[in-house]
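Participant: I am attaching a structure below and will ask some questions about it afterwards.
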Amino acid sequence: MHLVLASASPARKKLLVAAGVEASIVVSEVDEDAAVRDARHVHGDELGAEDVALLLARAKAEDVAAQVDGALVLGCDSVLELDGEIHGKPASVAEAVSRWSRMSGRSGVLHTGHWVVDTRDADEGGTGATLGATAATTVHFARLEAEEVEAYVATGEPLRVAGAFTLDGLGAPYVAGIEGDPSNVVGLSLPLLRELLAEVGVPWRDLRAAAFQGAQGERGA
């Protein structure tokens, strides 16, 4: 049982490891801006935040699935919805400061798209399935003074993550509360992933057991 994560996010990798699952990392080469532009050309204003997260997750998963065989490939993408607008990673320090000035003392919804592609052979239980879903968690942000916003942005962390904040890093003190799955805010909803894997006939316990057996084999070698 081999899981491939189509993401460079260390937070997603850490989540899986903490849950007892090992994954290989193969970063996709998807042009996210181009993918969203193309989708908007087809769907126009009907493309919501959850749609953007899912289409990018699918694009990443399918890009990596074309490169690997005999694996379950997982693609993820997160965006923050605030005032009906969709936000990914800030493009600049100025954008991050502006974003946090708007987020301060308010609430947004973090959407994470998940897409699984099964490239395993049929004799190994492979289904050839490709499926996905999106998880949403409401995030309540603390009220920050301008100096605190600037100090947080100066750490560089907000520029590296969707929504310009983290729940598992330096941004944690600025999250006043959440409604929904906390792992989704980190970047990967473990409960949703469990459900998607069940749909391709892979119980979570089997994925965890595969990681354990792999670790035992490495120690034995």
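Participant: Stretch ARG205-THR130 to full length: gain in nm at 0.36 nm per residue minus the Cα-Cα span?
Facilitator: 24.9 nm
Participant: How do ARG40, ARG12, ARG143, ARG120 line up, fewest other C-beta atoms within 10 Å first?
Facilitator: Least to most surrounded, the residues fall as ARG143, ARG40, ARG120, ARG12.
Participant: Sticking with this structure for a sec: Between 0 and 90 degrees, rounded to the nearest ten: what's the tilt of helix 93-103 against the longest Cα principal axis of the chain?
Facilitator: With both axes taken from Cα atoms, the answer is about 80 degrees.
Participant: Run through every distinct alpha carbon pair of the range 1-132 and return the Kirkwood hydrodynamic radius in angstroms, one decimal place.
Facilitator: 16.0 Å
Participant: Using only the alpha carbons of the chain, what is the convex hull's orientation-averaged projected area in square nanometres?
Facilitator: For the chain, averaging the hull's shadow over all directions gives 13.0 nm².
Participant: Let me ask something else about it. When THR134, THR112, THR119 are ordered from fewest to most other Cβ atoms inside 10 Å of their Cβ, what list results?
Facilitator: So the ranking, lowest neighbour count to highest, is THR119, THR134, THR112.
Participant: Between ARG160 and GLU29, what is 0.36 nm times their sequence separation minus the Cα-Cα distance? Round to one decimal in nm.
Facilitator: Details: separation 131, 0.36 × 131 = 47.16 nm, distance 1.72 nm.
Going from the current span to full extension adds 45.4 nm.
Participant: What percent do you get for the relative contact order of the chain when only Cα pairs under 8 Å and 6+ apart count?
Facilitator: 21 percent
Throughout, read-outs are computed from the coordinates displayed, never taken from laboratory work. If you're wondering where the values come from, they're calculated on a predicted model, not measured in any experiment. Methodologically, a virtual Cβ is constructed for each residue, glycine included, from the backbone with ideal geometry; neighbour enumeration extends over all protein chains shown.
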